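For reference, the structure is listed below as C-alpha cells.
We did not get these values from a lab; they are worked out from the coordinates using the rules stated. It should be emphasised that the depicted structure is a prediction, and the values quoted were computed from it without experimental measurement. All Cβ positions, even for glycine, are placed from backbone atoms using ideal geometry, and neighbour counts span all protein chains on display.
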Amino acid sequence: MKILALCGSLRVRSLSAGLLRAARALAPAGVDFRIFDRPGQLPLFNPDLEGAAPETVLSLWNAVTWADAIVIASPEYAHGVTGTMKNTLDWLVGHVPFAYKPVAVFNPSYQSHHADEALKETLRTMAADLIPEACVRIPVIGSRVDPDDIAASADFAPAIRSALQAVVAHVQRQSAGLHDRAE
C-alpha cells in the first residue's frame with residue numbers, strides 16, 4: 001500500500017510536518033509512506049500553466065497518481081486553510097487521479113476547527129473520498145512536544161497508529177469491492 005502525505009506548513013520545525021514524519025515512522029508494515037517535500041516550490045496556481053506544467057507540479061501529480069491514499073496535516077492560520085495547502089490543492093483540482101482518492105485529515109491543533117472544516121469541505125468539493133475514522137484531531141500544536149519526538153509520544157502515537165490502520169482498512173475494503181465488481 002502506498003500513502004502520500006501533504007503538509008500545509010513550510011516551517012522548518014513545523015509540528016504538522018513532524019506529525020507526518022511520525023506517521024511515516026509508525027506506518028504499518030507493508031505501507032510505503034512518502035511525504036511530498038516540495039510544496040514551497042510549487043508556483044502559485046495558474047490554470048494557464050497546466051498544459052505545460054512546471055516540474056514541481058508534475059512531481060506532485062505523479063506522487064498523487066502513485067498513491068493509494070493521501071494523509072494531510074495542516075495548521076490553521078487566521079481561521080483558514082494555509083496558503084501552502086490551498087495552493088497544493090488548487091494544483092490538484094484538475095488532476096483526474098485525485099478524484100475519489102481516499103484521504104485522511106490530521107488536525108494538529110487542540111482548539112482550531114475552522115481550517116479543518118474548510119479543508120474537508122474543499123476536499124469534498126474535489127471529490128476526495130474522506131475517511132471519517134481517519135480524519136482525526138491529533139493535538140501536537142501547543143503540546144510542547146518536539147516535532148521529532150511525536151512518534152515516540154505515548155500521547156500521540158496511539159492516535160496516529162489508529163488513524164493509519166483506518167486508512168489501510170478503508171483502502172483494502174475499497175480494493176476488495178473493486179475486485180468483487182470485476183468478477
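Some values worked out for this structure:
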item: Exposure proxy order (Cβ contacts within 10 Å, fewest to most) of His170, His95, His113; result: His113, His95, His170
item: Average Cα contact separation per residue, the chain, under 8 Å, 6 or more apart, as relative contact order %; result: 27 percent
item: Aspartates and glutamates with Cα under 14 Å of Lys101, excluding same-chain neighbours fewer than 8 positions away; result: Asp68, Asp129
item: Longest to shortest principal axis, alpha-carbon extents of the chain, angstrom; result: 44, 43, 26
item: Label zone at Val12, where the point sits 7 Å out along the Cα-to-Cβ direction: region 26-61 residues whose backbone N lies under 20 Å; result: 37-42
item: The chain: antiparallel DSSP beta bridges as a percent of all, rounded to 5; result: 10 percent
item: Shape category assigned to region 120-183 from the gyration tensor of Cα positions, a/c cut at 1.5; result: oblate
item: Interchain or long-range residues, amide H under 5 Å from Phe33's placed H; result: Ile3
item: GNM result for the chain, Cα springs below 10 Å: residue of Ala127, Ala63, Ala29 fluctuating most strongly; result: Ala29
item: Gaussian network model of the chain, Cα within-10 Å springs - most flexible of Asn62, Asn87, Asn107; result: Asn62
